[in-house]
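Peer 1: I'd like to ask you about the structure that follows.
The values are calculated or read from the model by the stated rules, or taken from the named source; none is laboratory data. Treat the numbers as computed from the prediction; the structure is a model and nothing was measured. Here the Cβ positions follow ideal geometry from the backbone for every residue, glycine too, while neighbour counts run over all protein chains shown.
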Amino acid sequence: GEDVEQSLFLSVREGDSSVINCTYTDSSSTYLYWYKQEPGAGLQLLTYIFSNMDMKQDQRLTVLLNKKDKHLSLRIADTQTGDSAIYFCAEGGGGADGLTFGKGTHLIIQP
Amino acid sequence: SAVISQKPSRDICQRGTSLTIQCQVDSQVTMMFWYRQQPGQSLTLIATANQGSEATYESGFVIDKFPISRPNLTFSTLTVSNMSPEDSSIYLCSVEGRGPLEQYFGPGTRLTVT
């Protein structure tokens with residue numbers, strides 16, 4: 001079945017870059033997503049990338065996709081305390097299939 | 001992005017009872033999804049709800065336990081029936097965005113079953 005894997009925790013110092021990694025197994029995945037969930041809040045769509053792209057950049061966020069290795073990463077430049085949250089990787093084929101989520105990576109910011 | 005609201009935001013229920021969760025969107029959407037997020041776990045898709053047709057359930061979820069209504073293009077309900085403590089979760093409504101592959105989530109309903 002489909003599977004999305006992420007590390008559970010990542011700790012970085014404020015001002016450094018954070019890199020959150022994700023691997024997936026479904027080779028038919030067409031779109032890959034990053035969501036952010038702050039404590040007590042809902043899921044916020046950060047960005048998504050089509051499977052025919054290698055990279056997507058949006059301000060402090062850079063998404064890299066290695067389709068051959070089925071590896072997705074989210075880089076957050078100049079990490080701030082407000083970036084502290086759980087980051088979920090998700091994949092989908094589009095249409096009515098919904099998304100398959102990883103378990104989420106807790107990003108911890110050290111002062 | 002779509003603005004999605006859910007009611008109730010949280011509830012504590014006794015086992016054996018049922019709870020209906022409402023999801024309201026500020027724009028018409030074709031597809032709505034219901035997810036469950038168990039404590040410390042990822043999100044799991046329960047079902048897809050399209051207006052005018054029966055919901056499509058994922059493996060492990062059945063209509064008798066999680067009946068869904070979709071009376072129009074801006075509203076859906078999910079009922080958690082005959083609840084047990086294992087049903088304690090956050091239940092999230094999701095809709096497609098303006099781009100067909102964007103999915104946005106409601107704030108969730110935190111359910112505790114005692």
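Peer 1: Any residue at all in region B:32-49 that is modelled with pLDDT of 95 or more and part of a loop (DSSP other than H, G, I, E, B)?
Peer 2: No, region B:32-49 contains no residue that is modelled with pLDDT of 95 or more and part of a loop (DSSP other than H, G, I, E, B).
Here is a yes/no grid of residues against (1) outside any helix (DSSP H, G or I); (2) within 10 Å of the chain's Cα centre (by Cα); (3) within 14 Å of chain B (Cβ to nearest Cβ); (4) more than 21 Å from A:GLY15 (Cβ to Cβ):
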| position | (1), (2), (3), (4) |
| --- | --- |
| A:ASN52 | yes, no, yes, yes |
| A:LYS56 | yes, no, yes, yes |
| A:SER73 | yes, yes, no, no |
| A:CYS89 | yes, yes, yes, yes |
| A:LYS103 | yes, no, yes, yes |
| A:HIS106 | yes, no, yes, no |
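Peer 1: Take the residues of region B:19-47 that are surrounded by fewer than 17 Cβ atoms within 10 Å (Cβ to Cβ) and away from chain A (no Cβ under 11 Å): which is nearest to the chain's Cα centre (by Cα)?
Peer 2: The qualifying residue nearest to the chain's Cα centre (by Cα) is B:GLN22.
Peer 1: Being in contact (Cβ under 8 Å) with a residue 12 or more places away in the chain, in contact with a Ser or Thr (Cβ under 6 Å, 6 or more places away or on another chain), facing another protein chain (nearest Cβ under 10 Å) and within 20 Å of A:PRO39 (Cβ to Cβ) narrows it down to one residue among B:TYR104, B:TYR91; which is it?
Peer 2: Values: B:TYR91 fails: facing another protein chain (nearest Cβ under 10 Å).
From the options B:TYR104, B:TYR91, the qualifying one is B:TYR104.
Peer 1: Let me ask something else. Out of (1) among the charged types (D, E, K, R); (2) within 13 Å of the chain's Cα centre (by Cα); (3) not in a strand (DSSP E or B), the odd one out for B:GLU86 is which?
Peer 2: In the conditions (1) among the charged types (D, E, K, R); (2) within 13 Å of the chain's Cα centre (by Cα); (3) not in a strand (DSSP E or B), B:GLU86 misses (2) alone.
Peer 1: Within region B:50-68, which residues are within 10 Å of another protein chain (Cβ to nearest Cβ) and either in contact with a helix residue (DSSP H, G or I) (Cβ under 9 Å, 6 or more places away or on another chain) or part of a strand (DSSP E or B) (or both)? Outline the logic, then answer.
Peer 2: So the first thing to find is which residues in region B:50-68 are within 10 Å of another protein chain (Cβ to nearest Cβ), and the list is B:50, B:56, B:58-59.
Of everything in region B:50-68, those that are within 10 Å of another protein chain (Cβ to nearest Cβ) and either in contact with a helix residue (DSSP H, G or I) (Cβ under 9 Å, 6 or more places away or on another chain) or part of a strand (DSSP E or B) (or both) turn out to be B:ASN50, B:THR56.
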